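Let me begin by presenting the structure, written as structure tokens, before commenting on it.
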Amino acid sequence: MRSLKALTAIKTIIATVLVLILLAAIGLYLLLRASLPLLEGDARAEGLNHPVLIARDANGMAVFTAKDRIDLAMATGYVHAQERYFQMDLLRRNAAAELAFLFGPAALERDREIALHKFRERARQRIETLPSHHLAILQAYSKGVNQGIEALSAKPFEYYLLQAELQPWKEEDTLLALYSMYLDLQYHDGRRDLSLDLMKRHLAGDLYDFLHPDGSRWDAPIDDTPQSPPAMAQSSWPQAPAQSQQKPDGEAADLKPGSNNWAVSGALTPYRAAMLANDMHLGIRVPNIWYRVQFNWPHQGEMRQLTGLSLPGTPLVVVGSNTQLAWGFTNSYGDWSDVIRLQLDDSKERYLTADGYQPFTYTSRKIAVKGQASEQLTIRETRWGPVIGEDEAGNPLVYRWVAHDPEGANLNLLALETARSVEQGAAIAATAGIPAQNIMLADREGNIGWTIAGPMPIRFGFDGRYISDWSDGTQGWAGYRMSSDYPKVINPSSQRLWTANARVIGGKDYAKIGDGGYALGARSQQIRDSLFAQSTFTEQDFLAIQMDDRAVFLTRWRDLLLEHLENDSRHPDAKHIASLMQNWSGRADTNSLAYLLVRQYRLAIRDRVYQDLLRFMQHKHAQFSYRAIRNQLEIPLWQMVTDKPAHLLPEGIASWPQLFEVALQDTLKGLNESHVNWQRLTWGEYNQVQIRHPMSPFVPLLGWLTDMPEAPLSGDSFMPNVARNAFGASQRLVVAPGQEQQAILHMPSSQSGHPLAPYFGKGHKAWRLGEPTPLLPGKIAYRLKLTP
């Protein structure tokens, strides 16, 4: 009897638990449903001048039809807030150093770093100087954001998980979203200048020149200006204490925010119009950073249409086509900041300037931290910028950065919406307050052009790659370049233009742009060669270049590995690996084990060859950054493995064949440790999609709702199809202005940030597989009307 009662009690408990789980699941579902964006019907928006129609297709692309640009901005803010408020919140908090407010002590160190730049204060100051029309758009957008979030029946689910309340959107927050892009695309801490300066001062001259070449065989500038690498260094690696150690991050070291873009003139397309391609490479999360839109509104007596990708948090369309002009961006990697070494007086409270010793100024900043008391941070500043650290001798270092100046942030890109020609677009780009970009332009009349979009400082008296001394007035910045002084190439005789984060141009224009850490030119060269391999192009041809996963860069590394396997290796699997090398496809395709082995073999050699250099530099300064100086190290690396200089063998290695064998062992060991058995791997299994919601790693089961499915990805770093786990093409655009019906647009991840949205994740599979999907909206599935 007792056992029967016990069994009954257990059944009752289990049933109760199941009911509670079911009720919790129903409650969670209802809560999620309550925060879904409004897709159909009518809604009120205070401040509108006229009704705005918001239609969406089955993929969630938002099509706005308004009677003026102000109403359009308000409606955009409304939709952005309902679909993407958490993403927008993270952007503004990232720049404002307010992440710890949401995430607690885990984000405190990041906030301490960013608080030095005082971006919220700068954003407030910039608002006061905006042209009245831009301010009106910004105010309308902010009103739309706040009304959109208030119209939800429940706040976005992330805020329940964080147990946090929403804070209203302010006009300044849009500029903070722009500043957040600076933090993604440029160094905020001077690490590259510091690292190069350390190398230049502490390495033998010939060794430094060898390790930091001006150019290589991979260069593919649009003006075909050559820059050759120096001769082999005769000096050896410096020695450092054995306990000093910093290893390159082999998996991440070749990844950096970047992009591809190119254009051909109308003479090379089926139309009179020029054609443009653009894919911007960034870390990819759920939802995607961009939001697909089409704007329709009257301008100067005629209806205008703009189709492209907006940045939630701003009213801007970042890339797209207005039927007359199309544009796209790649990060320029020019030199837009400088590190200054101060000379102090005996008190250590004053620094030397051309006007004599000046006192530091001090600002106190409170950082709110969830779950604990706020932290008070003191920011020490100079006339040139904030103190960001010290050199190895304890001298204060100051950061001079375009992002700190009024020229660094504005809404001038709005003018691209109605620009009609490449010339107009180039003139607008020179006034843009954004992180400096290579802007590619193509217009309906067949013209193409490239220039820099963003502020360009004028340096005098020093090489901007290294730490400088501005104490006597002979070194510094003399303001910013005028539009007429910008580098620019329009309608080249080749009828082709391309950029891919490497050096774009030489001569005086290169000197104006500077070198802020260009990518190796391999990707750019592969694009250039593909453009010159054809005399006419369709949209499908451009997409094929975007999806090009040929391993041109790694081919010589495959040959090096095969030569070692056939001649010197004693590894028990040497014959099997040699067979794989002999039959490799020459592509980063998902089924290839050979590609994975060659890729990892190169990284293993690099780690071994540079181990002494990194140990020495880390000993000199703890903030030395391999990632900041890594790009051009490929050039001397290949020269060393080719010429095999005995004096540049790393410590503990007696010969180059031994180094190659050790690297092979490192490669196989590393793959076995991460994936159990290297022989069962393919590149696709190693390079799986890992695109996740930023909170899913920390909340059990959330990823089941929010994350993109794991699946193999073709492509890699040194090829047009940049694709690595959660990094790569955040969009792909191909368009000829006026021929938008033929245009292609890919977007990974999701248009909506809500996992229950009917179009959540739509388009992601086509992005992964490279299947063409249209730029223009499809059949309208949802209609919403905003009324005053």
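For region 591-602, name all the residues that are of a type in the set (A, V, I, L, M, F, W, C) and open to solvent by 10 Å² or more (accessible area, probe 1.4 Å). First the steps, then the outcome.
At the first step, the residues of region 591-602 found to be of a type in the set (A, V, I, L, M, F, W, C) are 593-594, 596-598.
Result: Leu593, single match.
Restricting the search to region 575-585, which residues are part of a loop (DSSP other than H, G, I, E, B) and open to solvent by less than 70 Å² (accessible area, probe 1.4 Å)? Break it down into steps so the answer makes sense when it comes.
So in region 575-585, the residues part of a loop (DSSP other than H, G, I, E, B) come out as 583-585.
Within region 575-585, Trp584, Ser585 qualify.
Residues in region 148-170 that are open to solvent by less than 40 Å² (accessible area, probe 1.4 Å), out of contact with any Gly (no Cβ under 7 Å at 6 or more places or on another chain) and part of a helix (DSSP H, G or I): Ile149, Phe157, Glu158, Tyr159, Leu162.
Per-residue answers, yes or no, for (1) open to solvent by 60 Å² or more (accessible area, probe 1.4 Å); (2) at pLDDT below 95; (3) outside any helix (DSSP H, G or I):
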residue: Ile653; (1), (2), (3): no, no, yes
residue: Asp666; (1), (2), (3): no, no, no
residue: Glu673; (1), (2), (3): yes, yes, no
residue: Gln679; (1), (2), (3): yes, yes, no
residue: Pro694; (1), (2), (3): no, no, yes
residue: Pro697; (1), (2), (3): yes, yes, yes
residue: Ser714; (1), (2), (3): no, no, yes
residue: Asn721; (1), (2), (3): no, no, yes
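Scanning region 494-530 for residues that are over 15 Å from Asp223 (Cβ atoms) and part of a helix (DSSP H, G or I), we see that the one that is most open to solvent (accessible area, probe 1.4 Å) is Asp529. Against the conditions (1) in contact (Cβ under 8 Å) with a residue 24 or more places away in the chain; (2) closer than 23 Å to Leu520 by Cα; (3) surrounded by fewer than 20 Cβ atoms within 10 Å (Cβ to Cβ); (4) of a type outside the set (Phe, Trp, Tyr), Ala588 satisfies every one except (3). For region 316-330, check the following and say yes or no: at least one residue is free of Cβ contacts under 8 Å to residues at least 60 places away in the same chain and either hydroxyl-bearing (Ser, Thr, Tyr) or out of contact with any strand residue (DSSP E or B) (no Cβ under 6 Å at 6 or more places or on another chain) (or both). The answer is no; no qualifying residue exists.
Give me the residue from region 531-543 that is crowded, with 19+ Cβ neighbours inside 10 Å and of a type in the set (Phe, Trp, Tyr) and, out of that set, farthest from the chain's Cα centre (by Cα). Within region 531-543, the match that is farthest from the chain's Cα centre (by Cα) is Phe537.
Out of Gly334, Gly301, Gly313, I need the residue that is free of Cβ contacts under 8 Å to residues at least 60 places away in the same chain and over 30 Å from Thr538 (Cα atoms). Which one?
Values: Gly334 fails: free of Cβ contacts under 8 Å to residues at least 60 places away in the same chain; Gly313 fails: free of Cβ contacts under 8 Å to residues at least 60 places away in the same chain.
When all the criteria are applied, what remains is Gly301.
Entry remark, region 228-253: residues being modelled with pLDDT under 85, of a type outside the set (Gly, Ala, Ser) and closer than 30 Å to Leu282 by Cα number 6 in total. Here Leu108 meets the list (1) assigned to a helix (DSSP H, G or I); (2) touching a Pro at 6+ places or on another chain (Cβ under 8 Å) almost entirely, failing just condition (2). Looking only at residues of region 404-444 that are of a type in the set (Gly, Ala, Ser) and open to solvent by 20 Å² or more (accessible area, probe 1.4 Å), we find that the one that is farthest from Ile340 (Cα to Cα) is Ser421.
In the set (1) within 30 Å of Ala66 (Cβ to Cβ); (2) touching a residue at least 40 places away in the same chain (Cβ under 8 Å), the condition left unmet by Leu342 is number (1).
Taken together, Trp450, Trp401 contain a single residue that is in contact (Cβ under 8 Å) with a residue 12 or more places away in the chain, open to solvent by less than 10 Å² (accessible area, probe 1.4 Å) and over 24 Å from Tyr179 (Cβ atoms), which is Trp450. With respect to the stated conditions, Thr323 fails to be open to solvent by less than 10 Å² (accessible area, probe 1.4 Å), outside any strand (DSSP E or B), farther than 27 Å from Gly715 by Cα and β-branched (Val, Ile, Thr).
Residues are listed down the side, and each one gets a yes or a no for (1) in contact with a strand residue (DSSP E or B) (Cβ under 8 Å, 6 or more places away or on another chain); (2) modelled with pLDDT of 95 or more:
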position	(1), (2)
Pro226	no, no
Leu255	yes, no
Asn288	no, yes
Asn296	yes, yes
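Looking only at residues of region 681-691 that are part of a helix (DSSP H, G or I) and open to solvent by less than 20 Å² (accessible area, probe 1.4 Å), we find that the one that is nearest to Trp237 (Cα to Cα) is Trp683.
Against the list (1) within 20 Å of Ala409 (Cα to Cα); (2) surrounded by fewer than 19 Cβ atoms within 10 Å (Cβ to Cβ), the condition Phe460 fails is (1).
Please report, ordered by residue number, the helices (runs of 4 or more DSSP H) entirely within region 171-226 with at least 2 residues that are in contact (Cβ under 8 Å) with a residue 12 or more places away in the chain, aromatic (Phe, Trp, Tyr) and buried (at least 19 other Cβ atoms within 10 Å of the Cβ).
On the way: elements: 171-185, 191-202, 205-211.
Counting at least 2 such residues, we get 171-185.
Does Asp346 meet the test of being modelled with pLDDT of 95 or more, among the acidic types (Asp, Glu) and open to solvent by less than 20 Å² (accessible area, probe 1.4 Å)? Walk me through it before giving the result.
Details: modelled with pLDDT of 95 or more: yes; among the acidic types (Asp, Glu): yes; open to solvent by less than 20 Å² (accessible area, probe 1.4 Å): no.
When the stated conditions are applied, Asp346 does not pass them.
The values are calculated or read from the model by the stated rules, or taken from the named source; none is laboratory data. A quick note: this is a predicted structure, and the numbers were derived from the prediction, not measured. Heads up, the Cβs are rebuilt from the backbone with ideal geometry, glycines too, and the neighbour counts pull from every protein chain shown. Only protein heavy atoms, including side chains, enter the accessible area calculation; ligands, DNA and RNA are left aside. Shrake-Rupley method; radii C 1.70, N 1.55, O 1.52, S 1.80 Å.
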